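Okay, structure first, notes after.
Derivation of every value follows stated rules applied to the coordinates shown; laboratory data play no part. Here the structure is a predicted model, which means the values were calculated and not measured. Every residue, glycine as well, gets a Cβ built from its backbone with ideal geometry; the counts of neighbours run over all protein chains shown.
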Amino acid sequence: MTQPLGVYVHWPFCKSKCPYCDFNSHVRDGVEQARWRKALLTELEHAAREAPGRRVETMFFGGGTPSLMEPGTVAALIARTRALWDCAPEVEITLEANPTSVEARRFAALAQAGVNRVSLGVQALDIGPLGFLGREHSPDEALEALDTARAHFDRFSFDLIYARPGQTPEAWADELERALGLAGEHLSLYQLTIERGTRFFADHGRGAFVLPDEEAAAEMFELTQARMTAAGLPAYEISNHARPGAACRHNLIYWRYQDYVGIGPGAHGRFAEGDAKRATRRLSGPEAWLDSVERDGHGTVETSLVSGRDRVEEALMMGLRLSEGIDRALFAEVAGADPVDSLGDARLAPLVAAGFLEIDATHLRATPAGRPVLNALLERLIA
């Protein structure tokens, strides 16, 4: 059988850098769109030689802000992907977008280019929090963008960030109700975290703002799980909620440790090569990546084989994020070992007894009590 493959395309440019963002994103005065289109197509062809004989199930344009790409570039990359690999009839093609009116006006052209799912970075529904988060859109623009997305795409999602400074569980519950009134089939709900290297890291370090305490943040997480489940969009991953059958299939490829290639600055790939996974990483700097692609045909800065225990641990760290947990048969296929046998009773039994993990004949999963402390569980499991 042809192995499923996801294709990730990274567009590294944004109009401004959000203060919480630690992604590989950059602000530039101008972008040579034609030059970037040619380079992305060149690296896509290189990726097809790296991972031949697969069937593309999903494609994902991330960033940065890929809705700033010219729709013609998106169309060219989709068409070339279809030419280079076999593609599933119902291939999922997602593009991340900001809900500014300028970008929303491109939705019709993006749909015509082949995009069939959009993910909107709304982040908050009120003007004060939007300003704190450094977002350039207004609440009204967000509502208009959601209406435009609904008109042009059968599938759309949007993100919100909670546990913001000054936010109470009651205020978050109200915002979540409003979000549910706007939602389609999918919502991504992230707790604000302070990442090293961001502006928020420096601001928080000097006391410019204070996050809700641990108890309040935990209460917000719990009410999110309960309300989303009651609304028919239960969590399928720590921060992602969807109606049955509406999960982001591209992200499921990551979490199930299946094969994917990544093109563009800083993009990563993982794909099977014999009894191991080939790991690739492209140069992060946009200009360095562009020069490398034009010189060498690709921007690869690192490639290695992940095998043995390392492959098991990578698959474990991804798979336990899913509410369904780790499918033991699929895990053995992609990681080369049954997760329960590999971890052993000495590590698993105490966590099962404490109510953080559960094991049955087909799955290993974190329980509702275990998911909020998943990082601690993983430290115990892979120490």
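The table that follows gives values for the structure above.
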item: Derived scalar couplings ³J(HN,Hα) [the stretch 363-368; Karplus, 6.51 cos²θ - 1.76 cosθ + 1.60; whole Hz; x for Gly, Pro]; result: 9, 10, 9, 7, 7, x
item: Residue-wise HN-Hα coupling along the stretch 178-186, computed from phi with Karplus coefficients 6.51, -1.76, 1.60 (Hz; x: Gly, Pro); result: 5, 4, 5, x, 9, 6, x, 9, 8
item: Alpha carbon Rg of the stretch 270-324, scaled by the compact-globule rule 2.2 N^0.38 Å; result: 1.47
item: Calculated SAXS-style log₁₀ I(q)/I(0) at q = 0.23, 0.29 Å⁻¹ - the stretch 324-383, Debye, Cα scatterers; result: -0.96, -1.37
item: The stretch 13-81-the stretch 214-289 distance, computed between alpha-carbon centres (Å); result: 18 Å
item: For D203, D275, order by how many other beta-carbon atoms lie within 10 Å, fewest first; result: D275, D203
item: For the stretch 110-175, radius of gyration divided by Kirkwood radius, i.e. Rg to Rh on alpha-carbons; result: 1.04
item: Structure-based [θ]222 nm, the chain - -39500 (n - 2.57) summed over DSSP H runs of at least 4, per residue, nearest 500; result: -12500 deg cm²/dmol
item: Amide H contacts of A267 (H built 1.01 Å from N, under 5 Å, at least 5 apart or other chain); result: R282
item: Evaluated at q = 0.10 Å⁻¹: base-10 log I(q)/I(0), Debye formula over Cα of the stretch 258-383; result: -0.40
item: Sequence-distant residues sharing a close amide H with E273 (under 5 Å, placed H); result: R278
